[in-house]
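Take a look at the structure below.
The values are calculated or read from the model by the stated rules, or taken from the named source; none is laboratory data. Computed from a predicted structure; not experimentally measured. Note that each Cβ is placed from the backbone with ideal geometry, even for glycine, and that neighbours are counted across all protein chains shown.
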Amino acid sequence: MPEIAPATPLRIAAMVSGRGRGSNLGALIAACESGEVAGSFAVVIATRSDSPALERAKAAGIPTAVVSPRKYETDEAGYALALLRILNRHKVGLLCLAGYMRRLPPGVVAAYPNRIMNIHPALLPLFGGQGMYGEKVHEAVIESGMKVSGCTVHFVDEEYDSGPIIVQIATTVEDTDTPSSLAARVLTAEHRAYVEAVSLFASGSLSIEGRRVRHTSGS
Ligand code: GRF
């Protein structure tokens, strides 16, 4: 089965959209600093210069970059090139989308096969896809009557929320839940799930066959 061999030492990048608070980014930075993840952050890329996630990165001494997709509204290839230039310059071996709400341009996805992860606040393949983000996800889960929700870390392909699943953690949905109380419970699970997925990747403990990602013993 094809193993996913990480570049060593693993240099990680994260991308965040808009004014994202960056709590998943914070969990990943802390896990790198504590040694739980065998890698370090090379760069954090935001779509806006006033993103709180950038402040988090700067406070941790991590280089930052801003690429506004609005500047490239009619030039997807140009947007891809701008991102690839930054990823190459920082010798990135793993890109983590952490509150990045757009579809990545195909040029970037193709350049990093099985090297881009995303986190989604539901148990994919349920409650994902274009337009399913933030509280909309949790509203839909509550309306559906499901008794469990959770989060999913997956590899990124060219569609929204559709690549092979790496880690999922389930949470309960309580009768009294509102979208924001469910979001808070799921977010706690997200931080654990993202750290686990990146840690497995960094230690060479992932292999992939078709859509199935296996957790192997690693290095
Ligand atoms: C998370 O809920 C994640 O699942 C989604 O965007 C949100 C980002 O939250 N993709 P944070 O900025 O990491 O706190």
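Within segment 24-65, which residues are farther than 18 Å from H90 by Cα and touching a Lys or Arg at 6+ places or on another chain (Cβ under 9 Å)? Matches in segment 24-65: G26, A27, R48, D50, S51, P52, A53, R56. Listed here are the strands (runs of 3 or more DSSP E) enclosed by segment 74-171 that have at least 2 residues being buried (at least 16 other Cβ atoms within 10 Å of the Cβ) and modelled with pLDDT under 95, and there are none. Criterion applied to A27, A14, A57 was being farther than 24 Å from G204 by Cβ, surrounded by 17 or more Cβ atoms within 10 Å (Cβ to Cβ) and either acidic (D, E) or at pLDDT 95 or above (or both), and the one residue passing it is A57. Of the residues making up segment 1-11, those that are among the hydrophobic types (A, V, I, L, M, F, W, C) and within 14 Å of F201 (Cα to Cα) are I4, A5, A7, L10. Is segment 172-182 home to any residue that is under 29 Å from P106 (Cβ atoms) and within 12 Å of the ligand (Cβ to nearest atom)? No, segment 172-182 has no match at all.
From the list S34, S40, S23, exactly one residue is within 16 Å of the ligand (Cβ to nearest atom), of a type in the set (S, T, N, Q) and within 16 Å of E196 (Cα to Cα). Which is it? Full working, then the answer.
Working: S34 fails: within 16 Å of the ligand (Cβ to nearest atom); S40 fails: within 16 Å of the ligand (Cβ to nearest atom).
Only one candidate qualifies: S23.
Residues in segment 172-182 that are touching a residue at least 40 places away in the same chain (Cβ under 8 Å) and surrounded by 18 or more Cβ atoms within 10 Å (Cβ to Cβ): L182 alone. Sub-7 Å Cβ pairs linking a first residue in segment 93-112 that is in contact (Cβ under 8 Å) with a residue 40 or more places away in the chain and under 16 Å from G22 (Cβ atoms) to a second residue that is away from the ligand (no atom under 16 Å from the Cβ) and of a type in the set (F, W, Y), at least 6 apart or interchain, are L95/Y112, ordered by first then second residue. Quick check on my filter: what residues within segment 183-197 are within 14 Å of the ligand (Cβ to nearest atom) and surrounded by fewer than 21 Cβ atoms within 10 Å (Cβ to Cβ)? Those that are within 14 Å of the ligand (Cβ to nearest atom) and surrounded by fewer than 21 Cβ atoms within 10 Å (Cβ to Cβ): A183, A184, R185, L187, T188, A189, H191, R192. Of the residues making up segment 52-92, those that are of a type in the set (S, T, Y) and under 22 Å from S23 (Cα atoms) are T64, S68. Restrict the check to segment 127-139 and report whether at least one residue is of a type in the set (D, E), within 12 Å of the ligand (Cβ to nearest atom) and over 16 Å from the mean Cα position of the chain (by Cα). Looking through segment 127-139, at least one residue is of a type in the set (D, E), within 12 Å of the ligand (Cβ to nearest atom) and over 16 Å from the mean Cα position of the chain (by Cα).
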